[in-house]
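Peer 1: Take this structure first; my questions come after.
Taken together, the values in this text are just the output of simple stated rules run on the coordinates, not laboratory data. Computed from a prediction, not measured in an experiment: that's the story for all the values here. Using ideal geometry, Cβ is built from the backbone for each residue, glycine included, and neighbour counts are taken over all protein chains shown.
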Amino acid sequence: MASVLSMESPPFRPRGANGGGGTPSAGSSYSSPMPHHRRNQSGTSSPLSHGSSGGDGYSNAIRSYSFQTPNGEPLEIRNVWEENAEEEMAIIRELIETHPYVAMDTEFPGVVARPVSETYSPDFHYKSLKCNVDLLKIIQLGLTFADEDGNYAKGCPCWQFNFKFNLNDDMFAQDSIDLLVTSGISFEDHATRGIDPLHFGELLMVSGLVLDDRVKWVSFHSGYDYAYLLKVLTTQDLPKDEKSFFELLKMYFPTIYDIKYMTSLCDGHFGGLQRLADDLKCPRIGPEHQAGSDSLLTMVTYFALASSKFTNASGKIDDKKYNNELYGYGNNHTVRKGPIPSSHNNSNSALSNMNGSGDSSSVH
């Protein structure tokens with residue numbers, strides 16, 4: 001069946017967002033108030049300014065964020081740029097041996113295209129994913145590491161990988177960029193210090209994180225997240241059909257857990273990750289809509305849900321019901337039988353739809 005690509009051409013300049021200018025302290029405490037937004041010297045907001053203080057003061061331009069967990073233990077979210085990518089990946093190669101649970105979240109520049117055809121096809125949603133991921137670039141990847149009991153790696157369990165992305169050259173959806181700027185993403189730094197995806201793909205291939213079924217990848221409504229990682233790993237466009245996509249996914253990520261799919265098997269859990277975390281009394285650490293904080297929340301939420309709803313007779317977590325299922329893709333019961341309504345075709349609404357965000361508090 002013939003189909004064409006419908007491009008919703010987004011503007012290529014972000015609107016002004018609250019904040020700009022000053023660089024916040026890296027030593028913030030989880031329990032202490034976050035700093036107020038600050039303006040740059042001209043008195044106007046600059047979404048491109050170095051160290052923009054969006055995200056309640058947490059700019060990803062700084063080396064790391066320091067927090068205390070609710071238990072009083074120190075916890076660091078470390079930012080990774082091109083200059084320290086190899087050093088940090090060397091640390092992760094050792095860490096994965098003792099902490100094989102990897103919670104993952106990505107930030108990407110929204111949704112700019114959708115397939116258009118005369119009749120609806122069963123793989124419509126995969127085609128939508130493919131045409132957007134093929135066109136766009138990943139902005140940020142958050143990885144959090146834990147052991148089989150859900151205990152974070154001591155000290156620094158979380159890394160934010162910040163990729164090369166230039167607002168003057170790369171395609172994006174305006175509202176998604178505005179959200180990221182407000183959340184503390186410094187696009188000036190992404191343009192000048194961002195990790196080359198080709199370099200990161202090489203490092204990821206030899207990291208011990210992929211091609212190993214002992215590593216358990218944890219995510220939330222993550223079709224797009226895995227698609228961007230496969231693009232980085234293969235340096236190619238995504239496969240033409242959904243069956244080939246899943247074969248590739250299974251090869252690189254042999255064991256995946258999608259929390260959104262898990263909730264589809266439970267009564268009483270709806271909405272996005274933040275709402276689910278709130279229901280399970282899982283506190284957020286760090287700024288929302290940055291991939292590091294979102295991956296931390298993904299990890300703690302997974303173990304809270306799995307421990308309460310998916311245990312066997314001996315009280316151990318049993319993954320048989322949800323292992324290697326993706327919400328909204330494949331042949332499981334969560335696959336939608338029709339296209340996304342036209343009212344959802346603006347990028348934020350479509351993005352919320354894809355990531356299970358039923359309310360404004362849900363994560364990107």
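Peer 1: Given the Cα-Cα distance of residue 168 and residue 307 and 0.36 nm per residue of separation, how much length would full extension add, in nm?
Peer 2: Values: separation 139, 0.36 × 139 = 50.04 nm, distance 4.62 nm.
Extending this stretch completely gives an extra 45.4 nm.
Peer 1: Say each of residue 205 and residue 323 gets a label point 7 Å from the Cα, pointing the same way as Cα to Cβ; how far apart are those two points in nm?
Peer 2: 2.8
Peer 1: Can you tally the net charge around residue 98? Count Lys and Arg as +1, Asp and Glu as -1, for every other residue whose Cβ sits under 13 Å from the Cβ of residue 98. Mind dumping the intermediate values first?
Peer 2: On the way: positive: 93, 154, 214; negative: 94, 97, 147, 148, 149.
Result for the local shell: -2.
Peer 1: Taking N as the number of residues in region 108-173, what is its alpha-carbon radius of gyration divided by 2.2 N^0.38 Å? Walk me through the intermediate numbers first.
Peer 2: Numbers: Rg = 17.5 Å, N = 66, 2.2 N^0.38 = 10.8 Å.
Compactness ratio reported: 1.62.
Peer 1: More than 16 angstrom separation, counting every C-alpha pair in region 138-191; what % is that? List each step's numbers first, then the result.
Peer 2: Details: 747 of 1431 pairs.
Tail fraction, whole percent: 52.
Peer 1: DSSP loop (so not H, G, I, E, B), at most 13 other Cβ within 10 Å: list which trypsin sites (Lys or Arg not before Pro) in region 128-214 pass both filters. All intermediate terms of the calculation are to be shown ahead of the outcome.
Peer 2: Values: sites: 130, 137, 154, 164, 193, 214; in loops: 137, 154, 164, 214.
Sites meeting the loop and neighbour criteria: 154, 214.
Peer 1: Could you work out, for region 58-171, what percent of all Cα-Cα pairs fall into each 5 Å distance bin, beginning at 0 Å and stopping at the bin that holds the largest distance?
Peer 2: Over region 58-171, the share of Cα pairs per 5 Å bin runs 2, 10, 16, 17, 15, 12, 11, 9, 5, 3, 1, 0 percent.
Peer 1: Something else about it: I'd like the distance separating the alpha-carbon centroids of region 148-212 and region 60-127, in whole Å.
Peer 2: Answer, in whole Å: 6.
Peer 1: Over 23 Å between C-alpha atoms is what I'm after, so list which of 216/321; 130/260; 243/316 land there.
Peer 2: In this structure, 243/316 lie more than 23 Å apart at Cα.
Peer 1: Can you give the net charge of the other residues whose Cβ lies under 10 Å from the Cβ of residue 67, counting K and R as +1 and D and E as -1?
Peer 2: Cβ neighbours under 10 Å give a net charge of -2.
Peer 1: Another question, then. Show which aspartates and glutamates lie in cross-link reach of residue 309 when reach means a straight Cα distance below 19 angstrom and same-chain residues fewer than eight apart are skipped.
Peer 2: Those aspartates and glutamates meeting the cut-off are 148, 149, 258, 267, 278, 279, 318, 319, 325.
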